[in-house]
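Asks: Below: one structure in structure tokens.
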Amino acid sequence: MDRFEFQLAMLQKGAEELEKKIANFNTILLQLKTAAITIWVALIGWGFANKIDALVPLGYVIIFGFWFLEATYWRVQF
């Protein structure tokens, strides 16, 4: 095995490890998205149930902020 083949093999292993890490990150991002939506729905429901009008706009700010951050992340990835 010459030097070029060794470097190519190391590059391929590095690329495989990077793909694994990205797949794990996407799984974590999906779990975070699910938790954010659950908390958002609970916050909106609690605000309506207790007639706390200030919680409803706060809930929308939280979810729109999360969507903005996610869109920014995917834009950087693109």
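The values are calculated or read from the model by the stated rules, or taken from the named source; none is laboratory data. Bear in mind the structure is a predicted one, so any value in this text is a computation, not a measurement. Note: ideal-geometry Cβ built from the backbone for every residue, glycine included; neighbour counts use all protein chains shown. Heads up: the accessible areas ignore ligands, DNA and RNA and are worked out on the full protein's heavy atoms, side chains in. Shrake-Rupley method; radii C 1.70, N 1.55, O 1.52, S 1.80 Å.
Asks: With the structure loaded, tell me whether Glu5 is part of a helix (DSSP H, G or I) and loosely packed, with under 10 Cβ neighbours inside 10 Å or whether it fails that test.
Replies: Considered against the rule, which asks whether it is part of a helix (DSSP H, G or I) and loosely packed, with under 10 Cβ neighbours inside 10 Å, Glu5 comes out as yes.
Asks: Somewhere in region 66-73, is a residue among the acidic types (Asp, Glu), open to solvent by less than 60 Å² (accessible area, probe 1.4 Å) and at negative phi?
Replies: The answer is yes, given that some residue of region 66-73 is among the acidic types (Asp, Glu), open to solvent by less than 60 Å² (accessible area, probe 1.4 Å) and at negative phi.
Asks: Please pick out the residue among Leu58, Leu29 that is in a helix (DSSP H, G or I), open to solvent by less than 90 Å² (accessible area, probe 1.4 Å) and touching a residue at least 40 places away in the same chain (Cβ under 8 Å).
Replies: Of the residues listed, the single one that is in a helix (DSSP H, G or I), open to solvent by less than 90 Å² (accessible area, probe 1.4 Å) and touching a residue at least 40 places away in the same chain (Cβ under 8 Å) is Leu29.
Asks: Being among the basic types (Lys, Arg) and not in a helix (DSSP H, G or I) narrows it down to one of Lys51, Lys13, Lys21, so name that one.
Replies: Matching residue, one of Lys51, Lys13, Lys21: Lys51.
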